[in-house]
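Just so it is clear, none of the values below were taken in a lab; they were calculated from the coordinates. Bear in mind the structure is a predicted one, so any value in this text is a computation, not a measurement. Positions of Cβ are backbone-derived with ideal geometry, glycine not excepted, and every protein chain shown enters the neighbour counts.
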Amino acid sequence: MSSSTSVARPGRSVPSGVMATTPTRSPRRMTPEARRAQLVSAALDLYGRRSPEEVAIEDVTRAADVSRALFYRYFSSMEELHVAALGSVADELIERVALPADGPLAEQLGEALDVFLDVVQRHGSAYVALLRSGSVISTGATDALVDGVRDHIVDLLCVRGGVPGPSRLQLMTLRGWVALVEGSALSWLEADREPDRDRLRGWLVEQLFAMLAVTVRCDDGPGAQEGATMPSAFGTSR
């Protein structure tokens, strides 16, 4: 008796004893830029659920569904990926935090703080680790990223406040306020978003007003006269 081979056809079940074959999935192909971005995105997603210090290469490759060898084609170490991932957060802040040329400046400042808090909330663990002194992922490279964001915000405030050349005290005031925003955001994250976001934003805006008003009263250095109008530009008076 000759044996016959059953062939599975679309819409028909495979007879018992015959092994069904699954078509081999073709390798996914990405441009180097897209693959690198995929790894960065996987890392940031993991940072959203645990501390960056707890994320290993195996976690990233598993999340991105790639091999360890492929990982090393794009990053020499986890530390290099940390910098790239945090760099993308810094780039997002620089790109999104803005003070348009027109409109009430105080209102724009509140909107800029909303954007800042959006990014901080989405990348909470990474943000905390980045700014926390002594963090294992805080390096000279990450410090430069943080400084870039700080400088961007200070420059925005100077230009929109009508003081492109601030005095030393004015510059100290703006940098001090940016540090206050950073520290407050850290405390806010660690306190389970308390106080509520609207109160935090309003408080930070009022803090800038108060700090600028005090600076105007105390400042008699070079550029102080030019900067005397900065508080009124932000919606407050001397």
* Which whole-number percentage describes the relative contact order of region 87-233, with Cα contacts under 8 Å and a sequence gap of 6 or more? -> 28
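Can you order the peptides 91-102, 169-180 by their average number of other Cβ atoms within 10 Å per residue, highest first? Don't skip to the end; give the middle numbers.
On the way: 91-102: 13.7, 169-180: 18.4.
So the order, starting with the most tightly packed, is 169-180, 91-102.
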* **FRET efficiency estimate (nearest 0.05) - Cβ-Cβ, CYS218 to GLU92, R0 35 angstrom** => 0.45
* So how far apart, in nm, are the two label points at SER77 and SER187 if each is 7 Å from Cα heading toward Cβ? -> 3.5
* Residues of region 115-129 with amide N under 17 Å of the 7 Å Cα→Cβ point at SER51 -> 124-129
* If you wrap a convex hull around the C-alpha atoms of region 87-233 and split its volume per residue, what is the figure in Å³? -> 111
* Estimated distance in nm for a label pair at ARG36 and ASP59, the labels positioned 7 Å out from Cα along Cα-to-Cβ -> 2.4
